[in-house]
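The values are calculated or read from the model by the stated rules, or taken from the named source; none is laboratory data. In this text, all values refer to a predicted model and were calculated from it rather than measured experimentally. All Cβ positions, even for glycine, are placed from backbone atoms using ideal geometry, and neighbour counts span all protein chains on display.
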Amino acid sequence: MKTLKVLSALLSYPTEELVAAGEAMRAVLAREAVLPAAELRALSQLIAELAAGDLMELQERYILLFDRTRALSLHLFEHVHGESRDRGQAMVDLIKLYEDGGYSPTVTELPDFLPLFLEYAGTRGPADAIELLGQPAHVFAALRERLRKRSSPYEAVFGALLTLGKATPDMAMIDRLLAEPDPEPDDLEALDAAWAEEEVLFGPGAAAEDCGKDTLAARLRQARRPAPGLEPVPGAAPRMTITHSGLSTRTGA
């Protein structure tokens, strides 16, 4: 699904190449037509703003939004594990998942970086891609709400992801995420306090009512099963799940 590659690009650090690719991105979105008109208009507005903006100002805005504030981090495990030790093993298993799916990232980012996740999802078949996007719906919804509060055009990307995922977000988990500190990027004292907050554990070690019946450790180990090829094969393709319990994979339908 090339639309996911467009969304991945839009969540990447602004560059001259990205800004210049605006019309090509619009063409992909229009050709695949997997998003409703409202989402397409919102994405088109973001693309237009990127094309018309000063590159240095666009880059500064991106850093202030996504790199400086923990609440808007584009690293999925930041919203799942925080700085807990479970995060390291989850990273290792996610790399293994990418390798088993025939996906080799070309950028030096952590594997849970959302643009990379979207790139991977874009290499899967439509059914697998939809399932992947539906699992972290609560994270997407919380990020969209925080961007909406800031009147940020990047909200459009998360609205599109929620639409494509076709899942009903877990409202309890959204409330939990939105209850975390959300300081403005220029409030240095508040930022320090937010980063110092003890993380909320949604994986092993959390209360049973928080984790559900499937813990991260048990389900992530399934990622170690070999999976054939890049394209999904019925009954054998690796599937990934990112829930409030963390990220997991399973083989088969």
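What the table below lists for this structure:
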item	result
Residue ID - surrounded by the fewest Cβ atoms within 10 Å (Cβ to Cβ), chosen from residues in segment 78-88 that are at pLDDT below 70 and assigned to a helix (DSSP H, G or I)	G88
So S152, is it at pLDDT 85 or above, part of a loop (DSSP other than H, G, I, E, B), among the hydroxyl-bearing types (S, T, Y) and more than 21 Å from E32 (Cβ to Cβ)	yes
Of all residues making up segment 117-144, the number that are among the polar types (S, T, N, Q) and either touching a Phe, Trp or Tyr at 6+ places or on another chain (Cβ under 8 Å) or within 16 Å of F66 (Cα to Cα) (or both)	1
Odd one out for L220 among (1) part of a helix (DSSP H, G or I); (2) modelled with pLDDT under 85; (3) surrounded by fewer than 20 Cβ atoms within 10 Å (Cβ to Cβ)	(3)
Index of the failed condition, K213 passing every other in (1) in a helix (DSSP H, G or I); (2) modelled with pLDDT under 85; (3) surrounded by fewer than 19 Cβ atoms within 10 Å (Cβ to Cβ)	(1)
Of all residues making up segment 131-165, the number that are at negative phi, polar (S, T, N, Q) and more than 13 Å from the chain's Cα centre (by Cα)	2
Residues that are touching a residue at least 40 places away in the same chain (Cβ under 8 Å) and either surrounded by fewer than 17 Cβ atoms within 10 Å (Cβ to Cβ) or not hydroxyl-bearing (S, T, Y) (or both), drawn from segment 154-171	E155, A156, V157, G159, A160, L161, T163, L164, D170
Segment 136-153 residues that are in contact (Cβ under 8 Å) with a residue 12 or more places away in the chain, paired with ones that are buried (at least 22 other Cβ atoms within 10 Å of the Cβ) and acidic (D, E) (beta carbon under 8 Å, 6 or more apart)	none
Number of positions in segment 31-57 that are at pLDDT 95 or above, within 17 Å of G122 (Cβ to Cβ) and among the small types (G, A, S)	0
Residues of segment 28-49 that turn out to be over 18 Å from Y154 (Cβ atoms) and either surrounded by 13 or more Cβ atoms within 10 Å (Cβ to Cβ) or basic (K, R) (or both), as a count	4
Complete set of residues in segment 121-136 that are surrounded by fewer than 22 Cβ atoms within 10 Å (Cβ to Cβ) and of a type outside the set (D, E)	G122, T123, G125, P126, A127, I130, G134, Q135
Residue match in segment 101-112 (condition: within 29 Å of L58 (Cα to Cα) and buried (at least 23 other Cβ atoms within 10 Å of the Cβ))	yes
Inter-residue pairs, beta-carbon under 6 Å, first touching a residue at least 24 places away in the same chain (Cβ under 8 Å) and in segment 1-30, second surrounded by fewer than 20 Cβ atoms within 10 Å (Cβ to Cβ) and not in a helix (DSSP H, G or I), 6+ apart	T3/V34
